[in-house]
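All of the numbers you see were taken from the coordinates with simple rules; none came from a lab. None of the values given here were measured: they were computed from a predicted structure.
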Amino acid sequence: PELFSCPGCKPYGRHIKRLADGTAEKTRHLTLGEVEGRIHYDWVGAGVTDRRGYYITGKLDSTIYTDDCLFKSPDPDMPVRGLRKYLSAAAQLFDQRQSCAELLSISSTDGGGEMGHGIVEVTWRLSGIINLPWHPTVEPWTGSTRYHLDSDGLIYMHEEQWDISVWRAFICTLYPEARDWIIWKRSDN
């Protein structure tokens, strides 16, 4: 059942799997390898050539996240607490036809993470067009995401880091010609 319905509006949480009683479905106590496999699938889907992972589509396996998962990022709109809130924003940030999220590597560490119940770490490359009125093109940049697991084996924190500064990302989004400014060449070395 849809949680929200309004003509012309996308429902919040439309990619969250629900049980018959309306509660969010969760898959607890998976092995760390199984969680890693599901995260891998969220990035590459059925085919490795798609390159439109959940950072672009907003579609991920909601059954392995807590409903109140904390999403941390250098993005000025972060942190965000709550799976529905994050997915709603992620699904509308990039032009899905002209943007790309590429998984570069994935690994896991048993006993890692802030709670010591395991962590999955990925590195990625993003590029594309942001859904703003002037449709700015985002130059390709890389980063990493750490998925921290709780005692149920669910992801309770999604922690993102970028390999470019927040200022550079923000300024180059507002002023695409700023990509060629000499200041970035000095600060990125």
Given H placed on each backbone N at 1.01 Å, which residues far from ARG18 in sequence or on other chains put an amide H within less than 5 Å of it?
GLU25
The rounded separation in angstrom of the Cα centers of the stretch 98-113 and the stretch 127-162 is 10 Å
Ordered by residue, what ³J(HN,Hα) values in Hz, to whole numbers, does the stretch 57-65 give under the Karplus form 6.51 cos²θ - 1.76 cosθ + 1.60, where θ = phi - 60° and Gly and Pro are x?
8, x, 9, 9, 6, 5, 6, 9, 10
Set of aspartates and glutamates with alpha-carbon distance to LYS26 below 15 Å, sequence-local pairs under 8 removed:
GLU34, ASP61, ASP67, ASP68, ASP150, ASP152
